[in-house]
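These notes concern the structure reproduced below.
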Amino acid sequence: MTSKVDQQRFLEVPHIVYKDDRNWVAPLRSSVASHFKPDNPFLSYGKLQQFVALRDRQPVGRIVAAINDRLIEREGERIGLFGFFECIDDSEIAQALLGSAEAWLKAQHIVKVRGPIDLSTHNNCLFLAEGFDSPPLVMMPYNPPYYLRFMEEGEWHQAKDAFAYDLPLNQPLPESYERAYRVACKSGVTFRSIHTQGQEFQADCRGLYDLFTRAFANNWSSTPRTEAEFLEEAKALQSLVDPAIFPIAEYEGEMVGFFMALPDYNVALKPVNGRLNWLGVLKFLWYRRQIHAARVIAVCALPTMQRKMVAPALIYLGHRNGTHQGRTYERAELSWVYEDNLPSRKIIEATGATIHKTYRIYEKGLAP
(Lines give C-alpha, C1' and ligand atoms only; values in the text may rest on other atoms or scores of the structure.)
Protein backbone atom coordinates (compact mmCIF):
# COMPACT_ATOMS: atom_id res chain seq x y z
CA MET A 1 0.00 0.00 0.00
CA THR A 2 1.53 3.25 -1.13
CA SER A 3 -1.14 5.36 -2.83
CA LYS A 4 -3.26 7.97 -1.09
CA VAL A 5 -6.36 6.15 -2.32
CA ASP A 6 -5.26 2.93 -0.63
CA GLN A 7 -4.46 4.79 2.58
CA GLN A 8 -7.92 6.34 2.60
CA ARG A 9 -9.45 2.91 2.00
CA PHE A 10 -7.42 1.56 4.89
CA LEU A 11 -8.68 4.32 7.21
CA GLU A 12 -12.27 3.86 6.03
CA VAL A 13 -12.58 0.16 6.92
CA PRO A 14 -13.60 0.60 10.59
CA HIS A 15 -16.35 3.04 9.64
CA ILE A 16 -17.85 0.31 7.46
CA VAL A 17 -17.39 -2.49 10.00
CA TYR A 18 -18.94 -0.54 12.89
CA LYS A 19 -21.54 1.56 11.05
CA ASP A 20 -24.40 0.03 13.08
CA ASP A 21 -22.52 -0.51 16.36
CA ARG A 22 -23.59 2.03 18.97
CA ASN A 23 -20.73 1.15 21.32
CA TRP A 24 -17.85 1.79 18.92
CA VAL A 25 -15.84 5.00 19.26
CA ALA A 26 -13.97 6.00 16.11
CA PRO A 27 -10.26 6.65 16.62
CA LEU A 28 -8.92 9.90 15.22
CA ARG A 29 -7.97 9.22 11.62
CA SER A 30 -4.92 11.45 11.92
CA SER A 31 -3.68 9.40 14.88
CA VAL A 32 -4.02 6.09 12.99
CA ALA A 33 -2.46 7.55 9.83
CA SER A 34 0.58 8.80 11.77
CA HIS A 35 1.75 5.20 12.28
CA PHE A 36 2.37 4.85 8.54
CA LYS A 37 4.28 8.05 7.90
CA PRO A 38 8.00 7.85 7.08
CA ASP A 39 8.93 9.72 10.27
CA ASN A 40 7.31 7.15 12.60
CA PRO A 41 10.17 6.21 15.01
CA PHE A 42 9.05 2.56 14.79
CA LEU A 43 10.51 2.39 11.28
CA SER A 44 14.01 2.97 12.70
CA TYR A 45 13.88 -0.43 14.42
CA GLY A 46 11.11 -2.28 12.60
CA LYS A 47 9.18 -2.73 9.39
CA LEU A 48 5.55 -3.15 8.45
CA GLN A 49 3.25 -4.00 5.58
CA GLN A 50 -0.35 -2.86 5.23
CA PHE A 51 -3.06 -4.89 3.51
CA VAL A 52 -6.59 -3.87 2.58
CA ALA A 53 -9.36 -6.13 1.28
CA LEU A 54 -11.75 -4.82 -1.38
CA ARG A 55 -15.13 -6.05 -2.53
CA ASP A 56 -16.63 -4.30 -5.54
CA ARG A 57 -13.90 -1.68 -5.07
CA GLN A 58 -15.11 -0.96 -1.53
CA PRO A 59 -12.84 -1.58 1.50
CA VAL A 60 -14.16 -4.39 3.70
CA GLY A 61 -11.11 -5.41 5.74
CA ARG A 62 -7.56 -4.48 6.68
CA ILE A 63 -4.52 -5.75 8.57
CA VAL A 64 -0.91 -4.77 9.22
CA ALA A 65 1.96 -7.24 9.53
CA ALA A 66 4.92 -5.91 11.48
CA ILE A 67 8.36 -6.89 12.68
CA ASN A 68 9.65 -5.21 15.83
CA ASP A 69 13.41 -5.93 15.93
CA ARG A 70 13.58 -4.86 19.59
CA LEU A 71 11.03 -7.52 20.52
CA ILE A 72 12.94 -10.19 18.59
CA GLU A 73 16.16 -9.20 20.33
CA ARG A 74 14.56 -9.25 23.75
CA GLU A 75 12.73 -12.58 23.40
CA GLY A 76 15.41 -14.32 21.37
CA GLU A 77 12.86 -15.61 18.89
CA ARG A 78 11.73 -14.34 15.50
CA ILE A 79 8.31 -13.13 16.57
CA GLY A 80 6.15 -11.11 14.19
CA LEU A 81 3.03 -9.08 14.91
CA PHE A 82 -0.31 -8.37 13.33
CA GLY A 83 -2.44 -5.37 14.20
CA PHE A 84 -4.88 -2.71 12.97
CA PHE A 85 -7.17 -5.63 12.11
CA GLU A 86 -10.73 -4.81 11.10
CA CYS A 87 -13.08 -6.88 8.94
CA ILE A 88 -16.73 -7.31 8.09
CA ASP A 89 -18.37 -10.53 9.23
CA ASP A 90 -16.97 -12.67 6.43
CA SER A 91 -14.68 -15.57 7.30
CA GLU A 92 -13.25 -15.86 3.79
CA ILE A 93 -12.11 -12.24 3.78
CA ALA A 94 -10.78 -12.48 7.33
CA GLN A 95 -8.70 -15.57 6.60
CA ALA A 96 -7.39 -14.00 3.41
CA LEU A 97 -6.20 -10.99 5.42
CA LEU A 98 -4.65 -13.07 8.16
CA GLY A 99 -3.08 -15.35 5.57
CA SER A 100 -1.56 -12.39 3.73
CA ALA A 101 0.01 -11.14 6.96
CA GLU A 102 1.32 -14.63 7.77
CA ALA A 103 2.80 -15.05 4.29
CA TRP A 104 4.58 -11.70 4.41
CA LEU A 105 6.00 -12.44 7.86
CA LYS A 106 7.05 -15.93 6.86
CA ALA A 107 8.97 -14.45 3.92
CA GLN A 108 10.84 -12.38 6.53
CA HIS A 109 11.82 -15.60 8.35
CA ILE A 110 9.34 -15.08 11.19
CA VAL A 111 8.45 -18.29 13.06
CA LYS A 112 5.66 -17.07 15.37
CA VAL A 113 2.99 -14.37 15.03
CA ARG A 114 1.34 -12.55 17.91
CA GLY A 115 -1.56 -10.12 17.94
CA PRO A 116 -3.49 -8.00 17.74
CA ILE A 117 -0.70 -5.57 18.57
CA ASP A 118 -0.50 -2.31 16.66
CA LEU A 119 3.31 -2.31 16.25
CA SER A 120 3.83 -2.24 20.03
CA THR A 121 1.88 -2.98 23.21
CA HIS A 122 2.34 0.71 24.02
CA ASN A 123 -0.18 1.31 21.24
CA ASN A 124 -3.59 -0.27 20.80
CA CYS A 125 -3.55 -4.04 21.35
CA LEU A 126 -5.77 -6.94 22.45
CA PHE A 127 -9.14 -8.18 21.21
CA LEU A 128 -12.16 -7.70 23.43
CA ALA A 129 -13.28 -11.21 24.43
CA GLU A 130 -16.00 -10.54 27.04
CA GLY A 131 -17.94 -7.38 27.84
CA PHE A 132 -19.44 -6.26 24.55
CA ASP A 133 -22.42 -4.55 26.16
CA SER A 134 -20.79 -1.18 26.83
CA PRO A 135 -18.49 1.27 25.02
CA PRO A 136 -14.74 1.17 25.64
CA LEU A 137 -13.10 3.78 27.80
CA VAL A 138 -10.44 6.08 26.44
CA MET A 139 -7.53 4.33 24.69
CA MET A 140 -9.06 0.87 25.14
CA PRO A 141 -9.79 -1.58 22.30
CA TYR A 142 -13.17 -2.63 21.01
CA ASN A 143 -14.22 -5.11 18.33
CA PRO A 144 -17.16 -7.27 17.25
CA PRO A 145 -17.55 -10.66 18.97
CA TYR A 146 -17.06 -12.50 15.68
CA TYR A 147 -13.34 -11.60 15.62
CA LEU A 148 -12.83 -14.40 18.13
CA ARG A 149 -14.39 -16.83 15.68
CA PHE A 150 -11.95 -15.69 13.02
CA MET A 151 -9.07 -16.56 15.34
CA GLU A 152 -10.42 -20.03 16.06
CA GLU A 153 -11.05 -20.71 12.38
CA GLY A 154 -7.49 -19.66 11.58
CA GLU A 155 -6.08 -22.01 14.25
CA TRP A 156 -4.76 -19.22 16.46
CA HIS A 157 -4.49 -19.99 20.16
CA GLN A 158 -4.87 -17.84 23.24
CA ALA A 159 -1.50 -16.42 24.32
CA LYS A 160 -2.61 -14.28 27.24
CA ASP A 161 -5.75 -12.65 28.63
CA ALA A 162 -6.04 -9.28 30.30
CA PHE A 163 -8.76 -7.76 32.45
CA ALA A 164 -10.45 -4.41 32.92
CA TYR A 165 -11.80 -3.77 36.42
CA ASP A 166 -14.76 -1.55 37.25
CA LEU A 167 -14.83 0.48 40.47
CA PRO A 168 -17.91 2.52 41.45
CA LEU A 169 -16.77 5.67 43.24
CA ASN A 170 -19.89 6.17 45.35
CA GLN A 171 -18.45 3.95 48.06
CA PRO A 172 -15.29 4.59 50.10
CA LEU A 173 -12.15 2.53 49.77
CA PRO A 174 -11.27 0.14 52.59
CA GLU A 175 -9.61 1.94 55.50
CA SER A 176 -6.31 0.21 54.72
CA TYR A 177 -5.73 2.59 51.82
CA GLU A 178 -6.01 5.70 53.98
CA ARG A 179 -3.72 4.03 56.54
CA ALA A 180 -1.23 3.38 53.75
CA TYR A 181 -1.34 7.06 52.85
CA ARG A 182 -0.58 8.04 56.44
CA VAL A 183 2.29 5.52 56.60
CA ALA A 184 3.77 6.92 53.39
CA CYS A 185 3.56 10.49 54.65
CA LYS A 186 5.18 9.57 57.98
CA SER A 187 7.93 7.79 56.06
CA GLY A 188 8.89 11.00 54.33
CA VAL A 189 7.06 10.46 51.05
CA THR A 190 5.41 13.57 49.62
CA PHE A 191 2.62 13.76 47.06
CA ARG A 192 1.62 16.34 44.48
CA SER A 193 -0.28 16.58 41.21
CA ILE A 194 1.52 16.35 37.89
CA HIS A 195 2.56 19.63 36.32
CA THR A 196 0.87 20.30 33.00
CA GLN A 197 2.69 23.34 31.64
CA GLY A 198 6.12 24.43 30.45
CA GLN A 199 9.44 23.09 31.64
CA GLU A 200 7.88 21.58 34.77
CA PHE A 201 5.72 19.37 32.52
CA GLN A 202 8.79 18.33 30.53
CA ALA A 203 10.66 17.50 33.74
CA ASP A 204 7.74 15.43 35.05
CA CYS A 205 7.51 13.54 31.76
CA ARG A 206 11.21 12.65 31.94
CA GLY A 207 10.67 11.40 35.48
CA LEU A 208 7.68 9.35 34.35
CA TYR A 209 9.70 7.91 31.48
CA ASP A 210 12.44 6.83 33.87
CA LEU A 211 9.92 5.15 36.18
CA PHE A 212 8.07 3.48 33.32
CA THR A 213 11.29 2.09 31.92
CA ARG A 214 12.46 0.76 35.28
CA ALA A 215 9.14 -0.54 36.59
CA PHE A 216 7.71 -2.10 33.43
CA ALA A 217 10.91 -3.29 31.77
CA ASN A 218 9.90 -6.94 32.05
CA ASN A 219 6.34 -6.64 30.79
CA TRP A 220 5.38 -9.48 28.48
CA SER A 221 5.73 -8.82 24.73
CA SER A 222 6.84 -5.26 25.44
CA THR A 223 9.95 -3.28 24.61
CA PRO A 224 11.01 0.08 26.06
CA ARG A 225 10.22 3.24 24.16
CA THR A 226 12.91 5.81 23.53
CA GLU A 227 12.66 8.97 25.57
CA ALA A 228 11.80 10.91 22.40
CA GLU A 229 8.90 8.53 21.65
CA PHE A 230 7.62 8.78 25.21
CA LEU A 231 7.80 12.58 25.26
CA GLU A 232 5.96 12.81 21.94
CA GLU A 233 3.15 10.63 23.27
CA ALA A 234 3.02 12.64 26.49
CA LYS A 235 2.77 15.88 24.52
CA ALA A 236 -0.25 14.50 22.65
CA LEU A 237 -1.99 13.83 25.98
CA GLN A 238 -0.87 17.02 27.73
CA SER A 239 -4.12 18.94 27.25
CA LEU A 240 -6.23 15.95 28.33
CA VAL A 241 -4.70 15.43 31.77
CA ASP A 242 -6.73 16.16 34.89
CA PRO A 243 -4.02 16.87 37.50
CA ALA A 244 -6.37 15.89 40.34
CA ILE A 245 -6.34 12.24 39.25
CA PHE A 246 -2.65 12.13 38.32
CA PRO A 247 -0.78 12.28 41.65
CA ILE A 248 2.98 11.80 41.84
CA ALA A 249 4.96 10.45 44.82
CA GLU A 250 8.41 11.80 45.67
CA TYR A 251 11.01 10.74 48.21
CA GLU A 252 14.12 12.77 48.99
CA GLY A 253 13.57 14.83 45.85
CA GLU A 254 13.19 11.84 43.53
CA MET A 255 10.01 10.69 41.77
CA VAL A 256 9.26 7.22 43.14
CA GLY A 257 5.70 6.56 42.01
CA PHE A 258 2.66 7.84 40.15
CA PHE A 259 -1.04 7.19 39.63
CA MET A 260 -1.91 7.76 35.96
CA ALA A 261 -5.58 8.27 35.16
CA LEU A 262 -7.37 10.09 32.36
CA PRO A 263 -10.96 11.28 32.07
CA ASP A 264 -12.96 9.07 29.70
CA TYR A 265 -12.61 11.28 26.65
CA ASN A 266 -14.31 8.65 24.52
CA VAL A 267 -17.55 10.30 25.65
CA ALA A 268 -16.47 13.42 23.77
CA LEU A 269 -14.71 11.63 20.91
CA LYS A 270 -17.71 9.51 19.89
CA PRO A 271 -19.67 12.44 18.36
CA VAL A 272 -16.49 13.56 16.54
CA ASN A 273 -16.49 10.32 14.47
CA GLY A 274 -12.75 10.31 13.92
CA ARG A 275 -12.39 13.80 12.45
CA LEU A 276 -11.08 16.58 14.68
CA ASN A 277 -11.75 19.47 12.28
CA TRP A 278 -13.21 22.76 13.50
CA LEU A 279 -16.67 21.21 13.88
CA GLY A 280 -15.16 18.17 15.57
CA VAL A 281 -13.34 20.40 18.06
CA LEU A 282 -16.58 22.19 18.93
CA LYS A 283 -18.35 18.85 19.47
CA PHE A 284 -15.47 17.59 21.59
CA LEU A 285 -15.54 20.66 23.83
CA TRP A 286 -19.30 20.44 24.20
CA TYR A 287 -19.55 16.73 25.02
CA ARG A 288 -16.55 16.61 27.33
CA ARG A 289 -18.81 18.16 29.97
CA GLN A 290 -20.67 14.85 30.11
CA ILE A 291 -17.63 12.85 31.25
CA HIS A 292 -18.30 11.05 34.54
CA ALA A 293 -15.79 8.20 34.37
CA ALA A 294 -12.02 7.89 34.38
CA ARG A 295 -9.62 5.21 33.25
CA VAL A 296 -6.72 4.31 35.54
CA ILE A 297 -3.95 3.42 33.11
CA ALA A 298 -1.13 2.64 35.54
CA VAL A 299 -0.20 2.68 39.19
CA CYS A 300 3.56 2.58 39.59
CA ALA A 301 5.88 2.57 42.59
CA LEU A 302 9.51 1.55 42.81
CA PRO A 303 10.03 -1.80 44.60
CA THR A 304 12.11 0.00 47.22
CA MET A 305 8.96 1.92 48.20
CA GLN A 306 6.93 -1.15 49.08
CA ARG A 307 7.39 -0.79 52.85
CA LYS A 308 6.50 2.87 52.58
CA MET A 309 3.13 1.83 51.10
CA VAL A 310 3.44 4.17 48.13
CA ALA A 311 1.25 2.20 45.69
CA PRO A 312 -1.87 1.95 47.92
CA ALA A 313 -1.30 5.54 49.06
CA LEU A 314 -1.45 6.68 45.43
CA ILE A 315 -4.67 4.73 44.91
CA TYR A 316 -6.13 6.44 47.96
CA LEU A 317 -5.19 9.87 46.59
CA GLY A 318 -6.54 9.12 43.11
CA HIS A 319 -9.85 7.99 44.59
CA ARG A 320 -10.08 10.90 47.02
CA ASN A 321 -9.21 13.56 44.48
CA GLY A 322 -11.53 12.11 41.87
CA THR A 323 -14.53 12.37 44.17
CA HIS A 324 -13.74 15.75 45.76
CA GLN A 325 -12.56 19.19 44.61
CA GLY A 326 -15.67 19.60 42.47
CA ARG A 327 -14.93 16.49 40.37
CA THR A 328 -17.90 14.53 39.06
CA TYR A 329 -16.36 11.11 38.45
CA GLU A 330 -18.82 8.35 39.29
CA ARG A 331 -16.78 5.28 38.30
CA ALA A 332 -13.28 4.27 37.35
CA GLU A 333 -11.99 1.55 35.10
CA LEU A 334 -8.62 0.08 36.04
CA SER A 335 -7.29 -1.31 32.78
CA TRP A 336 -5.70 -3.29 31.57
CA VAL A 337 -3.87 -5.87 33.70
CA TYR A 338 -2.64 -9.27 32.50
CA GLU A 339 -4.26 -12.34 34.03
CA ASP A 340 -0.95 -13.54 35.51
CA ASN A 341 0.00 -10.18 37.05
CA LEU A 342 -1.17 -11.36 40.44
CA PRO A 343 0.45 -8.62 42.59
CA SER A 344 -1.33 -5.87 40.64
CA ARG A 345 -4.60 -7.78 40.57
CA LYS A 346 -4.44 -8.27 44.34
CA ILE A 347 -4.07 -4.54 44.95
CA ILE A 348 -6.87 -3.72 42.50
CA GLU A 349 -9.30 -6.30 43.87
CA ALA A 350 -8.69 -5.10 47.43
CA THR A 351 -10.33 -1.79 46.42
CA GLY A 352 -13.59 -3.63 45.73
CA ALA A 353 -13.18 -3.41 41.95
CA THR A 354 -14.53 -6.31 39.89
CA ILE A 355 -13.68 -7.61 36.43
CA HIS A 356 -16.11 -6.36 33.81
CA LYS A 357 -14.22 -6.90 30.55
CA THR A 358 -11.77 -9.51 29.30
CA TYR A 359 -9.26 -9.03 26.47
CA ARG A 360 -7.07 -11.48 24.58
CA ILE A 361 -3.86 -11.71 22.57
CA TYR A 362 -3.39 -14.65 20.23
CA GLU A 363 -0.37 -16.50 18.85
CA LYS A 364 0.26 -18.80 15.92
CA GLY A 365 3.34 -20.70 14.84
CA LEU A 366 4.37 -20.49 11.20
CA ALA A 367 5.38 -23.79 9.66
CA PRO A 368 8.92 -23.73 8.16
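As a ratio to 2.2 N^0.38 Å, the alpha-carbon radius of gyration computed for the chain takes the value 1.01.
Protein heavy-atom surface of the chain, 1.4 angstrom probe: 51% of the accessible area is carbon and sulfur, with nucleic acids and ligands not counted.
Relative to one another, the C-alpha centroids of the range 154-189 and the range 303-368 are positioned 4 Å apart.
Give the peptides 251-262, 143-154 in descending order of average Cβ contacts within 10 Å, highest first. Write down the numbers at each step before the final one.
Values: 251-262: 18.9, 143-154: 16.9.
Those peptides, ordered most packed to least, come out 251-262, 143-154.
Would you mind checking the pairs Lys4/Lys37; Lys4/Lys112; Lys4/Lys47; Lys308/Lys357; Lys4/Lys283 and listing those with alpha carbons more than 22 angstrom apart?
In this structure, Lys4/Lys112; Lys308/Lys357; Lys4/Lys283 lie more than 22 Å apart at Cα.
Taking θ as phi - 60° and the Karplus parameters 6.51, -1.76 and 1.60, the scalar couplings of the range 170-183 work out to 8, 10, x, 6, x, 4, 4, 6, 5, 4, 4, 4, 5, 4 Hz in sequence order, x denoting glycine and proline. Relative contact order of the range 212-368: 20 percent, from C-alpha pairs under 8 Å at least 6 residues apart in sequence.
Over the range 59-159, what is the percentage of antiparallel beta bridges among all DSSP beta bridges, to the nearest 5? Don't jump to the answer; show the numbers that get you there.
Working: 6 of 9 bridges.
Bridges in the range 59-159 that DSSP calls antiparallel: roughly 65 percent.
Amide H contacts of Ala129 (H built 1.01 Å from N, in plane; Pro and chain starts excluded): Thr358, Tyr359, Arg360 sit under 5 Å, all sequence-distant by 5 or more or on other chains. If one computes the Cα centroid of the range 78-146 and of the range 232-297, what distance in Å separates the two points? Cα centroid to Cα centroid, the span is 26 Å.
Add -39500 (n - 2.57) for each DSSP H run of 4 or more in the chain, then divide by its residues: what number comes out at 222 nm, to the nearest 500 deg cm²/dmol? Walk me through the numbers before you get to the answer.
On the way: 12 runs with 129 residues, N = 368.
Per the formula, -10500 deg cm²/dmol.
Can you give me the Kirkwood hydrodynamic radius for the range 16-77, using every pair of distinct Cα atoms, in Å to one decimal? After inverting the mean inverse Cα-Cα distance, the result is 14.3 Å.
In the chain, what % of DSSP beta bridges are antiparallel (nearest 5)? All intermediate terms of the calculation are to be shown ahead of the outcome.
Working: 55 of 62 bridges.
Roughly 90 percent of the beta bridges in the chain run antiparallel, per DSSP.
Report note on the peptides 337-344, 79-86, 164-171: ranked by the mean count of other C-beta atoms within 10 Å, highest first, their order is 79-86, 164-171, 337-344. Whole-Hz Karplus values for the range 292-305 come out as 10, 9, 9, 10, 8, 8, 7, 10, 10, 8, 4, x, 5, 9 Hz, taken residue by residue from phi with 6.51 cos²θ - 1.76 cosθ + 1.60 and θ = phi - 60°; glycine and proline positions read x. Residues whose amide H lies under 5 Å from that of Arg78, counting only those 5 or more places away or on a different chain, are Val111; hydrogens are built 1.01 Å from N in the peptide plane. Couplings 3J(HN,Hα) for the range 348-356, derived from phi with the Karplus relation 6.51 cos²θ - 1.76 cosθ + 1.60 (θ = phi - 60°), are 5, 5, 5, 6, x, 5, 10, 5, 10 Hz, where x marks Gly and Pro.
In the full protein context, the chain carries 48 Å² of accessible surface per residue, based on a 1.4 Å probe and ignoring ligands, DNA and RNA.
Dividing the Cα convex hull volume of the range 205-272 by residue count, how many Å³ per residue is that? Please report the intermediate quantities before stating the final value.
Details: hull volume 8.1 nm³, N = 68.
Expressed per residue, the convex hull around the Cα atoms of the range 205-272 is 119 Å³.
For the range 251-348, trypsin sites (Lys or Arg not before Pro) meeting the loop criterion (DSSP other than H, G, I, E, B) and having at most 14 other Cβ atoms within 10 Å: Arg275, Arg307.
The values are calculated or read from the model by the stated rules, or taken from the named source; none is laboratory data. These numbers were taken from a predicted model, which means no experiment stands behind them. Heads up, the Cβs are rebuilt from the backbone with ideal geometry, glycines too, and the neighbour counts pull from every protein chain shown. These accessible areas exclude ligands, DNA and RNA; they are computed on the full protein's heavy atoms, side chains included. Shrake-Rupley method; radii C 1.70, N 1.55, O 1.52, S 1.80 Å.
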